[in-house]
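This report refers to the structure that appears directly beneath it.
The values are calculated or read from the model by the stated rules, or taken from the named source; none is laboratory data. Everything quoted here is computed from the prediction, not taken from an experiment. With ideal geometry, Cβ positions are generated from the backbone for all residues, glycine too; neighbour counts draw on all protein chains shown. For accessibility, only protein heavy atoms count, side chains too; no ligands or nucleic acids. Shrake-Rupley method; radii C 1.70, N 1.55, O 1.52, S 1.80 Å.
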Amino acid sequence: MSLTEPTIVGALSPSRAGDFMTCPLLYRFRVIDQLPEPPSPAAVRGTVVHAVLERLYDLPAPARTVAAALDLLEPQWRRLLEREPAYAGMFDGEEEQARWLAQARALLERYFTLEDPSRLEPAERELYVEAVLDSGLMLRGYIDRLDVAPTGEVRVVDYKTGSAPGPAFEGRALFQMKFYALVLWRLHGSVPRLLQLMYLGGGGEILRYSPDEADLRATERKVQALWAAIERALDSGEWVARPSRLCDWCSYKELCPEFGGTPPPLPARQPGDTVRSTRRAVKEATDEV
């Protein structure tokens, strides 16, 4: 390492940054305590659909059809299940699992109403990126798809298996994409031309945004402010619960003081990575077609 490179003070992904913005105590439970969570059928369905859309582009362009995507679904689900047998416990019998798979099929069919994969040749899929800011904070994560035009313009694409947010929540949804754009800008020195969120839930919708340097500088300031707040919580041991409608879906509700619970004792602080992602493990589990 050269003398000009900053010492890495920690790492942050869009998901963990989102956790802290949602509820600092949620961030603590996931990152500091590393408490296990029961598998979520919606999240696991999203993982399988992502795997299918990644593998779809291994096929020759004319073969990227709805039928081909649907044919990939059950093999990807079986491979994920082999890797994580506990996922079988999400269902009360085969009928419920069949309904779950039918919902995944509907999401894949809806994808084809939003774009034609036979007309695309992604430059990257499931691209891992990381960049270290001048402060020493490492930003990193996985980009679902990166498209590069013949003229060099870059489009960052992310698949979402939920419904598109209302106008009041679009800014929060775009934070993840601006985070990735910031990492790419710091890595390559150029701002991506377009950020594209593809919502496969509901009626299907695409949210597009063209960032500029001012956007990404503002995103960097926001990320730095988030990290400073995380550092303060680490130093003080105070992780504040932030109640919201999302509490109804929280796996740690019984441990939350807002609902009469008591958090476990704080573990000794461990320096280093604050990114806890199963994405790489899932990718390994679905590597073969």
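Within the set of pairs 6 or more residues apart or between chains, which connect a residue that is within 19 Å of residue 74 (Cβ to Cβ) inside region 103-118 to a residue that is basic (Lys, Arg) and in a helix (DSSP H, G or I) with Cβ atoms less than 8 Å apart?
Correct list of pairs: 103/45; 104/45; 107/45.
For region 195-225, give me each residue that is touching a helix residue (DSSP H, G or I) at 6+ places or on another chain (Cβ under 7 Å) and open to solvent by 20 Å² or more (accessible area, probe 1.4 Å).
204, 206, 207, 209, 215, 220, listed by residue number.
If you go through region 122-134 one residue at a time, how many are buried (at least 16 other Cβ atoms within 10 Å of the Cβ) and either basic (Lys, Arg) or touching a residue at least 24 places away in the same chain (Cβ under 8 Å) (or both)?
Of the residues in region 122-134, 6 are buried (at least 16 other Cβ atoms within 10 Å of the Cβ) and either basic (Lys, Arg) or touching a residue at least 24 places away in the same chain (Cβ under 8 Å) (or both).
Find the residue count for region 94-121, including only residues that are of a type in the set (Phe, Trp, Tyr) and either modelled with pLDDT under 95 or over 16 Å from residue 71 (Cβ atoms) (or both).
Going through region 94-121 one residue at a time, the tally reaches 1.
Among (1) without any contact (Cβ under 8 Å) to a residue 40 or more places away in the chain; (2) in a helix (DSSP H, G or I), there is one condition residue 21 misses while meeting the rest; what is its number?
(1)
Scan region 151-169 for residues that are farther than 18 Å from residue 49 by Cβ, touching a strand residue (DSSP E or B) at 6+ places or on another chain (Cβ under 7 Å) and open to solvent by less than 40 Å² (accessible area, probe 1.4 Å) and jot them down.
154, 156
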